[in-house]
Amino acid sequence: MAAMMLNAMRRCSLRPSWAMRFGACSLSTTTQLQAQVQTKSKKTLARPGVKNIVLVEGVRTPFLLSGTTYADLMPHDLARAALQGLLNRTNLPKDAVDYIIYGTVIQEVKTSNVAREAALGAGFSDKIPAHTVTMACISSNQAMTTGAGLIAAGQCDAIVAGGVEFMSDVPIRHSRKMRKTMLSLSRAKTLGQRLGLIGSIRLAHLTPELPAVAEFSTAETMGHSADRLAAAFGVSRLEQDEFALRSHTLAKKAQDDGLLQDVISFKVPGRDIVSKDNGIRPSSMEQLKKLKPAFIKPHGTVTAANSSFLTDGASAVLIMSEEKALAMGYKPKAYLRDFVYVSQDPKDQLLLGPTYGTPKALERAGLSMSDIDVFEFHEAFAGQIMANLKAMDSDWLPRHTWAGKQRWGLLQWRSSTCGAALCPWVIRSEQLAAGWSPQWPTGCRRRGDSTDWWRRVPPEDRVMPW
């Protein structure tokens, strides 16, 4: 399953900031096309009778390894911090927001509608509706496109959307038999009934049910699927380690150069102020080679180093109709033009979303490969990204999945990483971009090569394609 957003923008300011997921566990690559680009303006992509929908601003908390500084918090604490950071950065009146939507993968039982709890905690009116969506790793994308749909339908003019994930304290359940016994105990009316139920408890009843990042229908973890996918497309362990090493190295440079301005500082109660992602860990090929396979043992190629880590973090982004944004004095950073969600066989095609979704999004927008300057894919494993690139260059897939269309050709990529994301950037100043998540316009994940992009492109030509 994957989502794709296709966006265009003429001009924007140089203030990089944004928000996303959630769930921060994702790995990315951006491709730099080697073909002549045909520039299109936002007007040529606008749909008759449909409002222009713009991204105004966004922020995120630092993304931290689970079990570290955020360990004693709850998901709504992080989401609340992101919402407050967005308010501070935009000076947005709280009553100007029509709706709040959040995405999350693993829900905290006590705050299942984390959007509502975070909104109230951040000081938004209790009259503003809020709901939470879940769609695996693209839950926050679903939150944002749901908000865009509300604006397009004329229901709202200003939406706050975002994502939160908190892997430090995922729900752990009692066994099914223990749960049944405890529920029966709550209904027992006599002492004898209670003693009988207590006496029926066996040691095996106390075994907990631990959560797993796995598909329910296949019982297979994403890491296992990624390992099989990498093998199917001939992605070697060396290729994956090189990809990850370059990403972390570029991410560290981006962080040191102060490019991650999307990150807001967060005072953790009882602890220090957190202002940086703590998952950027440049290493060496020698060290990476020492790691054992994490999922398929002993011959797999996916390791902890070339995978995304389990992350705690939250984000928030302000999406508006263009008319509303301009009326309030905001300068849009990007225009959201279209999006596509795809779903495939969960056993063998679970992680091929970019390959299936990209051509559909281009077709819907009436665009071709040569129209796009930047392709950005956010996924969880280096092997998965590289397998998708190879899939797009195959002869079989176009014939069987793209209605006989020609293959794309091998795309050249640049990569980097920060926090839980491996994200690449290109050095182009044209106006169109296509990607799985809306991080280009405000730079929530601008890493590595983006340093060069900003340095080499004149200010008057800088474009934040989304």
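The values are calculated or read from the model by the stated rules, or taken from the named source; none is laboratory data. If you're wondering where the values come from, they're calculated on a predicted model, not measured in any experiment. Glycine gets a Cβ as well: all are built from the backbone with ideal geometry, and neighbour counts include every protein chain shown. Side chains are part of the model used for accessible areas, which takes the heavy atoms of the whole protein and leaves out ligands, DNA and RNA. Shrake-Rupley method; radii C 1.70, N 1.55, O 1.52, S 1.80 Å.
Before moving on, here are some points about what is shown:
- Some residue of region 60-81 being part of a helix (DSSP H, G or I), surrounded by fewer than 18 Cβ atoms within 10 Å (Cβ to Cβ) and either touching a strand residue (DSSP E or B) at 6+ places or on another chain (Cβ under 8 Å) or small (Gly, Ala, Ser) (or both): no
- Among residues of region 112-131 that are closer than 13 Å to residue 94 by Cα and among the β-branched types (Val, Ile, Thr), those with a Cβ under 9 angstrom from a residue that is assigned to a helix (DSSP H, G or I) and open to solvent by 40 Å² or more (accessible area, probe 1.4 Å), sequence gap 6+ or separate chain, pair up as 128/94; 128/95.
- For residue 97, the requirement of being more than 30 Å from residue 223 (Cβ to Cβ) and modelled with pLDDT of 95 or more is met.
Residue by residue, here is whether (1) of a type in the set (Phe, Trp, Tyr); (2) outside any helix (DSSP H, G or I); (3) open to solvent by 30 Å² or more (accessible area, probe 1.4 Å) holds:
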site	(1), (2), (3)
124	yes, yes, no
128	no, yes, no
141	no, no, no
155	no, yes, yes
163	no, yes, no
171	no, yes, yes
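Residue-by-condition table, conditions (1) farther than 16 Å from residue 312 by Cα; (2) modelled with pLDDT under 95; (3) in contact with a helix residue (DSSP H, G or I) (Cβ under 6 Å, 6 or more places away or on another chain):
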position: 102; (1), (2), (3): no, no, yes
position: 106; (1), (2), (3): no, yes, no
position: 113; (1), (2), (3): yes, no, no
position: 124; (1), (2), (3): yes, no, yes
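- You will find that of 212, 188, 204, the residue that is closer than 30 Å to residue 316 by Cβ and small (Gly, Ala, Ser) is 212 and no other.
- Counted residues, region 208-242 - those being surrounded by 12 or more Cβ atoms within 10 Å (Cβ to Cβ), outside any helix (DSSP H, G or I) and over 25 Å from the mean Cα position of the chain (by Cα): 2
- Some residue of region 100-116 being open to solvent by 40 Å² or more (accessible area, probe 1.4 Å) and among the acidic types (Asp, Glu): no
- Qualifying residue in region 47-56 (condition: part of a helix (DSSP H, G or I), closer than 29 Å to residue 278 by Cβ and at pLDDT 50 or above): no
- Of all residues in region 357-368, those that are within 14 Å of residue 343 (Cα to Cα) have Cβ atoms under 8 Å from Cβ atoms of residues that are outside any loop (DSSP other than H, G, I, E, B) and modelled with pLDDT of 85 or more, 6 or more apart or on another chain, in 357/340; 357/341; 357/342; 360/340; 360/342; 361/338; 361/339; 361/340.
- Within region 219-253, the set of residues being among the β-branched types (Val, Ile, Thr) and either without any contact (Cβ under 8 Å) to a residue 24 or more places away in the chain or in contact with a helix residue (DSSP H, G or I) (Cβ under 8 Å, 6 or more places away or on another chain) (or both) comprises just one member, 235.
- Flag if residue 251 is in a helix (DSSP H, G or I), hydrophobic (A, V, I, L, M, F, W, C), closer than 28 Å to residue 76 by Cα and open to solvent by less than 70 Å² (accessible area, probe 1.4 Å): yes
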